[in-house]
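All remarks here apply to the structure that follows.
The values are calculated or read from the model by the stated rules, or taken from the named source; none is laboratory data. What you are looking at is a predicted structure, and each value in this text was computed from that prediction instead of being measured. Ideal geometry is used to build each Cβ from the backbone, glycine not excepted, and the neighbour counts take in all protein chains shown. For the accessible areas, the whole protein counts, side chains as well, though only heavy atoms, and no ligand, DNA or RNA atoms are used. Shrake-Rupley method; radii C 1.70, N 1.55, O 1.52, S 1.80 Å.
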Amino acid sequence: MNLLQWAIDPWGKIVPIHIAWLLIWVAAIAGLLFVIAHAIYVRYFAKPRQFRPDPVPIDPAKIPAYVPRHSLVARAFHWIMAASMFTLLLTAFLPKVGIQFDWVTYHWLAGAVLTVSVVFHIFHASFFLDFWSIWPDKIDLRDAQRRILRFVGKPVPPPERFAKYPLENKLYHGAIIVAGLSVIVTGVFMMSRVRTIFFPRNPYLFSDMSWGMMYVLHGLAGVGLIALIMVHVYFGIRPEKRPITKSMIFGWMSRDFYLEEHDPNRWVIKIPASSQTSTGAKAED
Ligand code: HEM
């Protein structure tokens, strides 16, 4: 089975030109199988989660009733990125599975929106958000080991509750960085193969071999995103994850959910003095 499509360049050399479009179905089926396997595991086999009890009990009254999680700017970025990502997936792959339309202009326009929003996100996350909160730390790695050992029945202490993001979310974010930056960097170059408003068309910028590799990388990262986005949407609508999804809409999560899943020592909530009450008030972003 050939995973790439090949052609012969003017000098008689065989060069790759695209991925084999069959990979669209491979990615979609892989995503679907993951979703089905996970749903069956959670429904029939998973034991209730256990976390290490707090050495010093936490006073819930010190936590606001509405725990701020995502600022308005971070939420706006997320939804702009989601809209452009869906547009890119649909415009790229519908024509390949038989639904023909003039897709290229919509595709590079959505690509430009994604590129600008990701550049903005990198700047915003580096200077205005807690940059390290999305990268695995030592406790995540130790707890991942503990979770695996407990899964196979070994007597090790339970893991601690999560910091702002569980390890799974951090790993997912890493995968999105790899696939997202691959489509963005290759996509920006590929814009010089078609007519856009950004720069003059120049299909001779690279050799046929380099263009071929670029289209292949763009396609591979693109089909990877099919599976990644399917899994992301699945977790977003799972009942136990809905408080997290709601926080991406409204910006906050409830105190109960925060205390259940997150460790206030690992994810410290900064509450402006003016918005605190003895019962815990809504804190500002
Ligand atoms: C979810 C993200 C994306 C997916 C799934 C995706 C997928 C694809 C696919 C499958 C193709 C056809 C490639 C081929 O013929 O071998 C393509 C072409 C293209 N993409 Fe993307 N892409 C994405 C993001 C982007 C971004 C961010 C940009 C621009 C910054 C972009 C710009 C382009 C351009 C200019 C073409 C070339 C059209 C042509 O030569 O006819 N894409 N994309």
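Tabulated values for the structure
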quantity	calculated
Counted residues, the range 211-242 - those being near the ligand (Cβ under 9 Å from one of its atoms) and farther than 26 Å from M191 by Cβ	0
Qualifying residue in the range 39-52 (condition: in contact with a Pro (Cβ under 9 Å, 6 or more places away or on another chain) and farther than 20 Å from P243 by Cβ)	yes
Only listed residue being surrounded by fewer than 15 Cβ atoms within 10 Å (Cβ to Cβ) and touching a Phe, Trp or Tyr at 6+ places or on another chain (Cβ under 9 Å), chosen from I63, I14, I24	I14
Qualifying positions in the range 148-170 - out of contact with any helix residue (DSSP H, G or I) (no Cβ under 9 Å at 6 or more places or on another chain) and in a helix (DSSP H, G or I)	I148, L149, R150, F151
Residues that are open to solvent by less than 60 Å² (accessible area, probe 1.4 Å) and in contact (Cβ under 8 Å) with a residue 24 or more places away in the chain, drawn from the range 196-207	T196
Condition check for G236: surrounded by fewer than 18 Cβ atoms within 10 Å (Cβ to Cβ), assigned to a helix (DSSP H, G or I) and within 13 Å of the chain's Cα centre (by Cα)	yes
Among the candidates Y172, Y165, residue that is surrounded by 13 or more Cβ atoms within 10 Å (Cβ to Cβ), without any contact (Cβ under 8 Å) to a residue 60 or more places away in the chain, closer than 21 Å to I244 by Cα and of a type in the set (S, T, Y)	Y165
Residue pairs meeting the criteria (Cβ under 6 Å; at least 6 apart or on separate chains; first under 14 Å from Y165 (Cα atoms) and of a type outside the set (S, T, N, Q), in the range 222-246; second away from the ligand (no atom under 12 Å from the Cβ) and open to solvent by less than 30 Å² (accessible area, probe 1.4 Å))	P243/M253; P243/F257
Count of the range 131-147 residues which are part of a helix (DSSP H, G or I) and open to solvent by less than 90 Å² (accessible area, probe 1.4 Å)	10
Unmet criterion (only one of (1) in contact with a Leu (Cβ under 9 Å, 6 or more places away or on another chain); (2) without any contact (Cβ under 8 Å) to a residue 60 or more places away in the chain; (3) crowded, with 17+ Cβ neighbours inside 10 Å) for S117	(1)
Criterion violated by F128 - all others in (1) of a type outside the set (V, I, T); (2) modelled with pLDDT of 95 or more; (3) surrounded by fewer than 15 Cβ atoms within 10 Å (Cβ to Cβ) satisfied	(2)
Hits in the range 67-100 (condition: open to solvent by 40 Å² or more (accessible area, probe 1.4 Å) and not in a helix (DSSP H, G or I))	L94, G98, I99, Q100
